[in-house]
Amino acid sequence: MKLERLTSANAVFLFLSVIFLSAGSYFQNIDLNSGIVLTELVIVLLPAVIFSNIYKTGSILEFLRLRPVSPKVFVSAFAITLLTYPLAVFGNSLVIFILSLFGNVELPEMPIASSLNEFLLYIVLIGILPGFCEEVLFRGFFLRMNSTGSERFAVLFTAFMFALFHYNIYNFMGPLVLGIVFGYMTIITGSIWPAIFCHALNNSIASALGYFMLQGEGAAQTMPEGVDTMLAMGMQLAVLGLISLACAKGLKGKFKKLRERFGVENAEISEGHAARQGRLKLLIYAPMAVCIVIYIYLNVTFN
């Protein structure tokens, strides 16, 4: 039964990837704002609810781990988000730096608010809406479906799915780091609400930084004449790496306290053997292999 769920999860992921890359891209190219709403509600949230209803054994709220938690948990989640954000930025920056060694990097344009009203709109469209919809799909549906005896495998594999679903080589390591943090937080607390909060806050921080940098004309700054670009990028990456090490240490302490708060039962991240047996059945991962091929094709062709 557990391996059947893992097989189904991979098939659903391939199905949603195709819809996301076709219909989602189409609607977002027509109008970005309404396209984001349609993508999140129809391509992400609706399938999560439909497929969860198919595979659930109890209530759908229990299956998706939509359990209420204490307000104190959100305080911890806030701190965890602030500590995780530099790690995610470092991950993406490292990939960009490595790719820069092999040629020019053309980063995709990200929507940045140019006015206060647009900024508030993006907090909803880029922060709150994806935070809820994507966590219901990934830390709700996929994390449950990938739990084949090893919670650690489920967290890591779901995080990989989450990173892959962005279909952007420049934005892979960041979502991977975030997915791991969100997954462990969900397993420890037994609820996806802290992950929803962290996801929404993380995206909102990114939108806020873009908006305020634009207001301060930070986005228009250029490298001083005579300064080697790669050297400057390397130094910035080194500084960000040191900050990330400090944040990683703080993050470890926050998770330790979170595990203590919820006790051994919820905090235990089991190893299990069913997932290892499942990994030997390569056909289970055939849909994921197709998604990886699509991912490579898109990033090689359009970059």
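The values are calculated or read from the model by the stated rules, or taken from the named source; none is laboratory data. What you see is a predicted model, and the numbers here were worked out from it, not measured in a lab. Glycine gets a Cβ as well: all are built from the backbone with ideal geometry, and neighbour counts include every protein chain shown.
Every condition in (1) touching a Gly at 6+ places or on another chain (Cβ under 8 Å); (2) among the polar types (S, T, N, Q); (3) closer than 27 Å to ILE98 by Cα is met by THR148 except one, and the failing one is (3). The residues of the range 96-117 that are part of a helix (DSSP H, G or I) and exposed (fewer than 15 other Cβ atoms within 10 Å of the Cβ), listed by number, are ILE98, SER100, LEU116, ASN117.
For the range 17-48, filtering for residues that are buried (at least 20 other Cβ atoms within 10 Å of the Cβ) and of a type in the set (Asp, Glu) leaves 1.
Residue by residue, here is whether (1) over 24 Å from VAL42 (Cα atoms); (2) touching a helix residue (DSSP H, G or I) at 6+ places or on another chain (Cβ under 6 Å); (3) of a type in the set (A, V, I, L, M) holds:
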residue: ILE80; (1), (2), (3): yes, yes, yes
residue: THR84; (1), (2), (3): yes, yes, no
residue: VAL95; (1), (2), (3): yes, yes, yes
residue: SER100; (1), (2), (3): yes, no, no
residue: ASN104; (1), (2), (3): yes, no, no
residue: ALA113; (1), (2), (3): yes, yes, yes
residue: LEU116; (1), (2), (3): yes, no, yes
residue: TYR122; (1), (2), (3): no, yes, no
residue: ILE126; (1), (2), (3): no, yes, yes
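Considering the range 19-36, the residues that are of a type in the set (Val, Ile, Thr) and free of Cβ contacts under 8 Å to residues at least 40 places away in the same chain include one that is farthest from GLU134 (Cα to Cα), namely ILE30.
Residue check: GLU62 meets all listed conditions (1) of a type in the set (D, E, K, R); (2) free of Cβ contacts under 8 Å to residues at least 24 places away in the same chain; (3) at positive phi but one, namely (3). Give the residue, chosen from GLU265, GLU225, that is assigned to a helix (DSSP H, G or I), charged (D, E, K, R) and either at pLDDT below 95 or touching a helix residue (DSSP H, G or I) at 6+ places or on another chain (Cβ under 7 Å) (or both). Sole residue among the options that is assigned to a helix (DSSP H, G or I), charged (D, E, K, R) and either at pLDDT below 95 or touching a helix residue (DSSP H, G or I) at 6+ places or on another chain (Cβ under 7 Å) (or both): GLU265.
The requirement of being in a helix (DSSP H, G or I) and buried (at least 22 other Cβ atoms within 10 Å of the Cβ) is fulfilled nowhere in the range 55-73; no residue meets it. Just one of the listed residues (LEU83, LEU87) is touching a Lys or Arg at 6+ places or on another chain (Cβ under 7 Å), under 22 Å from ALA195 (Cβ atoms), modelled with pLDDT of 95 or more and not charged (D, E, K, R), and it is LEU83.
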